[in-house]
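First up is the structure itself, then whatever we jot down about it.
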Amino acid sequence: MPSLSGVGRLAAIGALALMLSSCGGGGDAAPAPPAASPVLSGSLVDLSVAGLSYATSTISGTTSSGGGYTYRCADGCEMLTFSLGPIVIGQATGASTLSLKDLAGGIDGGVLSAVTIRRTQFLVAMDADADVSNGISIPSELAPSLAGRSLDFNSTSFDSDLVALIDRLRGDSRLSSSYRSGMQVPATPIARAIAEQ
């Protein structure tokens, strides 16, 4: 058999590599991952809640001063979970705008649910300046004070549970004295009016 020259050897190796790749050779190579879906922006529009934690399967952060958050949509939009420390406020499919009534369980029989009213009461009580007319801003130091605490917005004992939680927070010296003294739970009719705005 005639010997191959240097150029001939290179050509033969190249042809062999081409044949292997066209036959699916080199099976160790992983397929290229699909391009990540673009990051979209949305906001909690009813109360413009700033300082809430949010998370999807790919993104996490804290809502901005206008209640802003980010999420992705590929085959479908990601599920957003909003929380304050260990207390989960609720979940909803990502969208450009969301309100408390859009969170799971937010509407009952075509009207705002008791869960939505309770979420409103909780968030208003946690507001930094106790003035919802300028939106709700959650102090960054509040989350550590809530560590180990829970609050069930579906519980029939919610009212007393919230009062007990606030009493505990009022005694937490990690929070400013002005913030602790200003914490108030709005009555159900007031919370409903706020949520319906």
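Below is a table of values for the structure above.
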item	result
Residue within segment 155-162 that is part of a helix (DSSP H, G or I), at pLDDT 95 or above and among the hydrophobic types (A, V, I, L, M, F, W, C) present	yes
Check on Ile107, open to solvent by 50 Å² or more (accessible area, probe 1.4 Å) and of a type in the set (Val, Ile, Thr)	yes
Count of residues meeting criterion [open to solvent by less than 20 Å² (accessible area, probe 1.4 Å) and without any contact (Cβ under 8 Å) to a residue 24 or more places away in the chain] in segment 157-197	1
Only listed residue being surrounded by 17 or more Cβ atoms within 10 Å (Cβ to Cβ), closer than 27 Å to Ser173 by Cβ and at pLDDT below 95, chosen from Val132, Val124	Val132
Test: residue in segment 97-104 that is more than 24 Å from Leu165 (Cβ to Cβ) and surrounded by 21 or more Cβ atoms within 10 Å (Cβ to Cβ)	yes
Any chance Arg119 is of a type in the set (D, E, K, R) and open to solvent by 50 Å² or more (accessible area, probe 1.4 Å)	no
Hits in segment 86-111 (condition: over 29 Å from Glu141 (Cβ atoms), free of Cβ contacts under 8 Å to residues at least 12 places away in the same chain and in a strand (DSSP E or B))	Ile107, Asp108, Val111
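The values are calculated or read from the model by the stated rules, or taken from the named source; none is laboratory data. Computed from a predicted model, the values in this text were never measured in an experiment. As a convention, Cβ positions derive from the backbone with ideal geometry for all residues, glycine included, and neighbour counts pool all protein chains shown. The accessibility values were calculated without ligands, DNA or RNA, using every heavy atom of the protein model including side chains. Shrake-Rupley method; radii C 1.70, N 1.55, O 1.52, S 1.80 Å.
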